[in-house]
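Accompanying notes for the structure given below.
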Amino acid sequence: MNARYRVVDVAGTPRQMGHQIGEAAGDEIRGFCASAMEHIHRSVRISRERAVQVARDSADYVDHYAPHMLDELRGMSEAARVSLDDLM
């Protein structure tokens, strides 16, 4: 079985591209966020609150070193209707 990722062609600013990805793959993004949080809780055994704090701390680093990437994630979170914390 050859599993393939879906290709989404996007263009524009990082935030615009994030919006386009979020609109095209919102269901998958929401499902991934839920699965990732379950996996973190099971494997690392930290609370949701602690996971959110780690995500927020990580966002600060991303904003410092690659602000365009954080801008794309912001666009994705807005369009996919997930929090930036969950997406991080």
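Filter region 39-69 down to residues that are assigned to a helix (DSSP H, G or I) and in contact with a His (Cβ under 9 Å, 6 or more places away or on another chain) and give me whichever is surrounded by the fewest Cβ atoms within 10 Å (Cβ to Cβ). Lay out the reasoning, then the answer.
Filtering region 39-69 for residues assigned to a helix (DSSP H, G or I) gives 39-43, 48-65, 67-69.
Okay, now just the ones that are also in contact with a His (Cβ under 9 Å, 6 or more places away or on another chain), so 48, 51.
Values: R48: 12, A51: 18.
Result: R48.
Please go through region 1-48 and give me each residue that is among the basic types (K, R) and closer than 20 Å to L70 by Cβ, ordered by number.
Taking region 1-48 and keeping what is among the basic types (K, R), we get 4, 6, 15, 30, 42, 45, 48.
Listed by number, the residues that qualify are R15, R30.
With the condition kept exactly as written, say whether any residue in region 2-10 is surrounded by 15 or more Cβ atoms within 10 Å (Cβ to Cβ) and either under 14 Å from the mean Cα position of the chain (by Cα) or at negative phi (or both). Let's see the steps before the verdict.
The first filter runs over region 2-10 and keeps only residues surrounded by 15 or more Cβ atoms within 10 Å (Cβ to Cβ), leaving 10.
After this cut, where a residue has to be either under 14 Å from the mean Cα position of the chain (by Cα) or at negative phi (or both) as well, the list is 10.
Yes - at least one qualifying residue is present in region 2-10.
Which condition number in (1) in a helix (DSSP H, G or I); (2) surrounded by 15 or more Cβ atoms within 10 Å (Cβ to Cβ) is the one that A36 fails?
So the condition that A36 fails would be (2).
Pick from region 11-33 the residues that are crowded, with 16+ Cβ neighbours inside 10 Å and small (G, A, S): which of them is farthest from D85 (Cα to Cα)?
A24
List the number of the failed condition for G12; all other conditions in (1) of a type outside the set (S, T, Y); (2) in contact with a Gly (Cβ under 8 Å, 6 or more places away or on another chain); (3) not in a helix (DSSP H, G or I) hold.
Unmet for G12, out of (1) of a type outside the set (S, T, Y); (2) in contact with a Gly (Cβ under 8 Å, 6 or more places away or on another chain); (3) not in a helix (DSSP H, G or I): (2).
None of the figures in this text is laboratory data; all of them are computed from the coordinates on show. These numbers were taken from a predicted model, which means no experiment stands behind them. Cβ sites come from the backbone with ideal geometry, for glycine too, and all protein chains shown count toward neighbours.
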